[in-house]
Each structure stands twice: as C-alpha cells, then as structure tokens.
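Read through the structure below, which is laid out as structure tokens, and then see the notes.
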Amino acid sequence: MATLNSNYLKLKAGYLFPEIARRVKAFTEANPEAASNMIRCGIGDVTEPLPLAVREAMHAAIDEMGTREGFHGYGPEQGYEFLRTAIAQNDYRDRGMEVADDEIFVSDGSKCDGGNILDILGSDNRVAVMDPVYPVYVDTNVMAGHTGDASEDGSYEGIHYLECTAENGFVPAIPEKKADIIYLCFPNNPTGAVASRAQLEAWVAYARRHGSILLFDAAYEAYISDSSVPHSIYEIPGARECAIEFRSFSKNGGFTGTRCAFTVVPKELTALCKGGERRPLHPLWHRRFTTKFNGVSYVTQRGAAALYSGKGKAEVAALVEHYMGNAKILREAVASCGLKVHGGVNAPYIWVKGPEGATSWQIFDRMLSEANIVVTPGSGFGRAGEGYFRISAFNSREKAIEAADRIKAMKW
Ligand code: MLT
C-alpha cells in the first residue's frame, strides 16, 4: 500500500490565512448582515488596480502572442533575459551591488521560492527562524521532515526560534548556538520592523563565521522610508558568500494575483556536500528550476519588466505612498486607543499589543464581532506573537479610514 508524507500530519491546524478565512466565513454565515460591512485587514493582499504601465505592456504582449512572429511558447525556465537584466540593473547594479543577470531566477512567487529552496539544502541543517514569523518558513520545514512534533504552543521540536520582542525592537539577537540556515525577513512580516545596517552586518559576519546561509526575504523592501535602512542583504559586504535573497512584485507592483517574483542566488554561495567539500548552490537551483518549473508566462514577465520603466517606477511609488498613507491612519487610530503600536513606518503592517491578558484569537474574535474588522492574530505567527495582532494597510483609503474610525469606537 502507498504511504503518505507523514510530516504533513505534524502540521498544526490549517495554514494561517485559510484558517482566518474559515472563521470569517463561519461568522458571516451566522451573522449575514455583517458580511457586506466587513473590512479585511487580515492577509496582506493588495487592493489597488494593476499599474497602467503593466497593463499596457501585458496588452502589447498578448497582441504579440497573436502573431506568428511574436508568439512565445516555452520560455527560459529561469526567466526572460529582458526581465532578469531589468531586475539586476535596477534593483542591484544601479544601487552599487554586484549581481549578474544569470543570478536572478524569475518565479511565480516568493512564497513558492521560500518553500522550494529546501529542495537544494540538506535535511540535517539546524534551522533558525524569527519568532513571530511568516508561517511558510516553518511549515515548509515541517513538510520536508526537518522537525519533530509540534508542542502545545505550536512551536516545533528541532527549529531554533529567535525571539523578536518589543525590547529588542523585533530584531533578534545573534544566537549563541550555531544555526546552519537562518530565515530573516526585513522589512518584517508581521512586525513591520526593519534591521539596521549594523544589525545586518552582524548577521552576515555570523553566517560567514559558521558557514551558515541566510535566507533573506525582502518582499517588502519598497516600503522602506528610512534612507539608512538597507533594501538588500547584498548591500552588506560578504553577503554574496552567505545569502540568498527573495523578492516579489506582489506588494510593490500589485502582483499578488498576477504572480511574479524572483530569487537571487549568487555564484559565490557554497554549502557542504556529503563528502565534506564545499560546492556552489547556484547550479543546483538552476537544475531544480529547469527540472521542476517551466517559467512564468511571457505576458506576465513583460508586465513585470514594465515596473522598471519610468512610468512603472512612478506608479509603484504612488502605490507605496497610498498604502503607507493607510498605515499612518491606522497606526494613529490604534495609538489613540492607548494600545502599544509598532511597524507601519517602513512596512505596510502594523503590529499591535492587545489589552493586557487578552489572547490574540480573543482580540481577533472581538474585532470581528464588534467592529466587523478582520485582522491577523499575532499568535498565528508564532509563540512570541501571542497577545499581539497585525493590521494590514493594504486597502482602499475609504476602507482604511472606516476601519480606523471603528477601531477608535471600540472599548479597549
Ligand atoms: C501576509 O499576509 O502575511 C502575506 O500576504 C502572505 C503572503 O504574502 O503570502
């Protein structure tokens, strides 16, 4: 008889966002009048229309596809040259970082890349994650069999959790123990915290000292407003030898539904193989890509490349400004209720400490039933998130203002 991957049976509850959707559905079924009144500040899903520069490029690409000369079948698995060059040039070389076009791998999402990267890493690595943390990093390690069972508080045996608290500014201290793979996300989801250059330098030094790999998720880099904060791990000297960077067009270009992202794997990056010798990871990731993926559609990649045009850049800036305007409104509303608020300055997420003694899911339920607002319970991101909740600033201005008013009207 066939067997299943029993690692999946170790996973606690459902994936966070479907679980929230399930609870919201149950609530609206029981309270149908609340359905049309609901304001969704839970999942970080963009709301504003796709930039015109993107739509024009995609229309043109569709028209091209309708001709014999302009038709595109299978493309290069790792992405078309026009997009890889635009990325490497604009996001890296123009900002003084050395990244070659062929170190960019275009994909359908950072979530997918963040999970798939485990294919090319050993199963005996000691994995460290920030806590609270984007659940994908943990769950994919569970699925791959890199952990033991979950304990009552939802943490997994075998994963090293790096506590992020208000006291350390939600940037974890460098661990005493050695970790082989460390997931870092800045600007952070869910806390909205950013890491300073000095903090990232310390992480790069740690990784180089121990031969560790940093998996650096920079999906929210476009939201950095403080000019001293690095946008990429490769701004730190030595990072090319110890870091993989994940980036996405979801949150800057509004691509959550269109799907396009990329991963940077520098050629200098190596890891140990069984024989004890160091080998580069770039050829392995390339091999994985060409074997398991057929690339992002031509039309989508043309749309993504348009984000780097003058018009595209201006539209991205306007989108970021819009969502950060919402963040300010929501931040101020929460702060005026006397709650301790973090984030929302260099990131589209506001991280709020709930009233003393309330659990994250209790706050979630109260906000759902009393204000018809969906937030994300902090404990869904890990043990250290208990007592917190996250508000996403991805919304229309009208809804952000209405959510702010309802939050202020609640009895905290
Ligand atoms: C979130 O809300 O944390 C993110 O939108 C989820 C994601 O990007 O996959």
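At-a-glance table
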{"item": "Some residue of region 374-393 being farther than 23 Å from Y134 by Cα, away from the ligand (no atom under 16 Å from the Cβ) and open to solvent by less than 60 Å² (accessible area, probe 1.4 Å)", "result": "no"}
{"item": "Tally, over region 54-81, of residues that are farther than 30 Å from P190 by Cβ, in contact with a Phe, Trp or Tyr (Cβ under 9 Å, 6 or more places away or on another chain) and not in a loop (DSSP other than H, G, I, E, B)", "result": "3"}
{"item": "Residue in region 47-68 that is loosely packed, with under 15 Cβ neighbours inside 10 Å, within 21 Å of the chain's Cα centre (by Cα) and farther than 14 Å from A304 by Cα present", "result": "yes"}
{"item": "Test: G344 is closer than 19 Å to C185 by Cβ, small (G, A, S), out of contact with any Pro (no Cβ under 9 Å at 6 or more places or on another chain) and in contact (Cβ under 8 Å) with a residue 40 or more places away in the chain", "result": "yes"}
{"item": "Qualifying residue in region 189-208 (condition: more than 16 Å from the ligand (Cβ to nearest atom), part of a loop (DSSP other than H, G, I, E, B) and under 16 Å from D131 (Cα atoms))", "result": "yes"}
{"item": "Residue that is buried (at least 20 other Cβ atoms within 10 Å of the Cβ), in contact (Cβ under 8 Å) with a residue 40 or more places away in the chain, of a type in the set (D, E, K, R) and within 16 Å of the ligand (Cβ to nearest atom), where the choices are D131, D108", "result": "D131"}
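For (1) open to solvent by 10 Å² or more (accessible area, probe 1.4 Å); (2) free of Cβ contacts under 8 Å to residues at least 40 places away in the same chain, each residue gets a yes or a no:
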| site | (1), (2) |
| --- | --- |
| K251 | yes, no |
| P266 | no, no |
| G275 | yes, yes |
| H282 | yes, no |
| R288 | yes, no |
| V296 | yes, no |
| S309 | yes, no |
| A314 | yes, yes |
| N326 | no, no |
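The values are calculated or read from the model by the stated rules, or taken from the named source; none is laboratory data. Computed from a prediction, not measured in an experiment: that's the story for all the values here. Because the Cβ atoms are built from the backbone with ideal geometry, glycine has one as well, and the counts that use them run over all protein chains shown. These accessible areas exclude ligands, DNA and RNA; they are computed on the full protein's heavy atoms, side chains included. Shrake-Rupley method; radii C 1.70, N 1.55, O 1.52, S 1.80 Å.
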